[in-house]
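Engineer: After the structure tokens below, expect a handful of questions from me.
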Amino acid sequence: MTTPEPDHHDGTSDATPGGYESNRRPGELGFAVIMLIASVGLLWNAYGISGFEALSAPGAIPMATTLVMSISALIVVVRTASLPRVTTETLAKDILPIVVILFVCFLIGYAVLLRPLGFLPTSALFLIIAIKLLSKRSWRFTLTVSLGNLLAIWLIFRIVFTVLMPAGIVPEAEFIQFFRDLSGGAN
Amino acid sequence: MDTLIAFLTVFSQPQLLMLVGLGTFAGVYVGAIPGLSVTMAVSILISFTFSWDVYPAISLMIGIYMGGVYGGSRTAILLNIPGAPSAIATALDGYPMAKRGEAGTAIGVTTVMSFIGGFIGIGVLALAAPFVSDFALKFQPRDYMLLAVLGILLVGSLSTGSLVKGIFAGALGIAIGAVGRDPLTFTERFTFDLRIMEGGISFIAVMIGMFGVSEALMQLHHVDKTAVRQKISRIVPSFATVRKHLPLSMQTSTIGVVIGALPGTGGDIAALMAYDHAKRITKEPERPFGDGAMEGLVAPETANNAAVGGAFIPMMTLGIPGDAVTAIMIGALFIHGLNPGPMLMIDQPDMFWFIVGALVTANCFMLLFGLTGIRLFTKIVEMPRAVLIPLIMLLSIVGAYAVNNAISDVYWMLGFGVFGYFMRHYGYPLGPVILGVILSRLLDDNWRRAIISEREDLGRFFGGLFSSPLSTVLFVAVVLIFVSQTPLWTRAKSIVMRGKA
């Protein structure tokens, strides 16, 4: 089958998964070993569900799947270990650059702040920091794009999709009611 | 008569017509913007349309699916960046055409061919699904179980990656789907005595994490990448051009429908296989493949859109997804209280014909939007990644939270997002994970039914596999797919070849 060179070997789709066929990427062996350990741990846990009680027991499929996971993870570890390392890539540059770690931290921070601070302030903070950091453009551009997009998202999801997000410190309901009263008053 | 009324539901209700149109329009752009995928969009959307009635929700999703599969070709041609995985093969000849100043012709041909492919796929769906569902009533629990295994195996074997990693991903998905209390015995499975795990892991959180967050994190590698935009000439292709490539489009549409209909495989694999087929059968292309051959555009574009209709066949008739997007749609139907499978086709045939009608409408909208609005299009798709990535992340969080209003779903989503990011880097396919999650319950239930009916005797179970032709075919297919990816097969093949020589 035709296999176009995947962009950055990062797996654009299941038709063209990432990685190299005859080389191992930085950290690939470590990931494979973690998968093996996790699979064996899950197999042990699955055994604890109902043991070998019966083939139709609730633990049968979990045991079968984790056994398959363990065997396939072991094969992956053996295969990966036998492959030479890609010499042109490093873990810090090609797999886990600072920007990715930073964004994972931002996302965790977002999830932590979402409830206490509310959707609007947390999202505004996240978008402003993220867009400023990535675009490296002026504050004017950053604020316009971030707040403009946030307003559009809030209007679409709050009004069209009626999604309720945590209000936090923003009196969102009173705000909406105020505009409803205004439009009602205009009629 | 009822069938016709159900088929025309979309046309008779302006709200649904508008939603299909809006969905298709959005889908074209979602598919076209690199970094936004249809799977991602539909998985995020499912959480927002949660409170809607099933008809408007499905209308919007079908529009996005149809438009998105097509939309990826636009950026593949204009920027050499496939907007969607199904357009990877399109870039190979589309971009060289654009560089020669034939971007308009390439887009026009792509649009018309996608339309033709889409119609063939929907036609096959409409004709075949009622028969398949009748046939599916004869399926025994073991057949469903084998079909689920077959679907998960197929994704790994038809992609270019490692089958072992595909199997690992599929098994992982089944294990994720098993987390929580067993619905039959109420026994805790993989809960680690944590209350938060008892209700299981929300499959929407898994999907948004795997396809939304992991993609956004991956795109961080390409923030500074700029593409050279090409000028666009005439878009509507001449009738002679369409007629010339019609025979090829019929063949590649067939490939698309078949690959789409196989459980688990979708438009991306269909497009690559169709491209390969076109290369093999076109003896004298006007230009060499890879240098702007029109056949190199026609083949993948008809195939990936034909695969859409194909993917709905196993979804509607067996309740087994044809690809990742239909896996998510099955989830959407579950949420709305519907259970896709042969009984849905019998109890609620109007739902099936409504979906066929919505697909036809989306296909027509796709032709309309494909041949118009190119100026607006070029402006929107050039949205900088620096803005796009944070927006995808924000939408992913909102989507994961919105389903249960639970912050734990957001943490699950983030966890699976980071996990999916590493899986992508190291060549583990994500499709089998989602298929595994969706098929976990079906596999578990049917295995238990099958083995109980054989009185817990494994020997009788295997004996039963050879007592029905369908079970035998499915079992042999599963074994063959597995063996074909092992060194044993390569060795056997080389022995046979040597013998022939």
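Engineer: Rank these for me by crowding, B:LEU137, A:LEU42, A:LEU83, going from fewest to most other beta carbons within 10 Å. Before the final figure, lay out each step's value.
Structural biologist: Values: B:LEU137 12, A:LEU42 21, A:LEU83 16.
Final ranking by Cβ density, sparse to dense: B:LEU137, A:LEU83, A:LEU42.
Engineer: May I pose another question? Bin by bin, in steps of 10 Å, what percent of the Cα pairs in the stretch B:23-63 do you find, going until the bin that has the longest distance?
Structural biologist: Answer for the stretch B:23-63: a P(r) of 31, 55, 14, 0 percent.
Engineer: Taking 56 Å as R0, compute the FRET efficiency from the Cβ-Cβ separation of B:VAL236 and A:VAL112 and round it to 0.05. Don't skip to the answer; put the middle values down first.
Structural biologist: Details: r = 53 Å, r/R0 = 0.95.
For R0 = 56 Å, the calculated efficiency reads 0.60.
Engineer: Rank the residues B:THR111, B:THR326, B:THR282, B:THR302 as a footprinting-exposure proxy: fewest other Cβ atoms within 10 Å of their Cβ go first.
Structural biologist: B:THR282, B:THR111, B:THR326, B:THR302
Engineer: May I ask you to sort B:TYR428, A:TYR110, B:TYR95 by Cβ crowding, counting other Cβ atoms within 10 Å and putting the fewest first?
Structural biologist: Ascending Cβ contact count within 10 Å gives the list A:TYR110, B:TYR95, B:TYR428.
Engineer: Would you work out the charge dipole size for the stretch B:120-196 about its Cα centre, treating the Cβ of every Lys and Arg as +1 and the Cβ of every Asp and Glu as -1, and quote it to the nearest 20 debye? Display every interim value, and only then the final one.
Structural biologist: Working: 6 positive and 5 negative charges, 19 e Å.
Around 80 debye, computed over the stretch B:120-196.
Engineer: A further question on this structure: Which entries in the list A:LYS93/A:LYS132; B:LYS99/B:LYS279; A:LYS93/B:LYS493 go over 30 Å, if you measure between the two C-alpha atoms of each?
Structural biologist: Those over the limit are A:LYS93/B:LYS493.
Engineer: Once both labels are modelled 7 Å past Cα along the beta-carbon direction, what's the B:SER494-A:ALA173 spacing in nm?
Structural biologist: 7.2
Engineer: Another one. Which trypsin sites (Lys or Arg not before Pro) in the stretch B:425-501 sit in a loop by DSSP (not H, G, I, E or B) and have at most 13 other Cβ atoms within 10 Å of their own Cβ?
Structural biologist: B:ARG455
Engineer: According to the Kirkwood expression over distinct Cα-Cα pairs, how big is the hydrodynamic radius of the stretch A:7-91, in Å?
Structural biologist: Result for the stretch A:7-91, one decimal place: 14.6 Å.
Engineer: With labels modelled as points extended 7 Å from the Cα through the Cβ direction, what inter-label distance (nm, one decimal) is found for A:SER138 paired with B:ASP457?
Structural biologist: 8.3
Engineer: Using helices alone, I'd like the mean residue ellipticity at 222 nm for chain B: each DSSP H run of four-plus residues gives -39500 (n - 2.57), total over residue count, nearest 500.
Structural biologist: On the way: 25 runs with 372 residues, N = 501.
Mean residue ellipticity, 222 nm, calculated: -24500 deg cm²/dmol.
Engineer: When the Debye formula is applied to the Cα atoms of the protein assembly as shown, each taken as the same point scatterer, what base-10 log of I(q)/I(0) results at q = 0.05, 0.06 Å⁻¹?
Structural biologist: Log-scaled intensity ratios, in q order: -0.22, -0.33.
Engineer: How large is log10 I(q)/I(0) at q = 0.09, 0.11, 0.13 Å⁻¹ when the Debye formula is applied to the Cα atoms of chain A, each weighted equally and without solvent?
Structural biologist: -0.65, -0.85, -0.98
Only the coordinates and a few stated rules stand behind these numbers; no lab work does. None of the values given here were measured: they were computed from a predicted structure. Cβ coordinates were reconstructed from backbone atoms using ideal geometry, including for glycine residues, and neighbour counts include every protein chain displayed.
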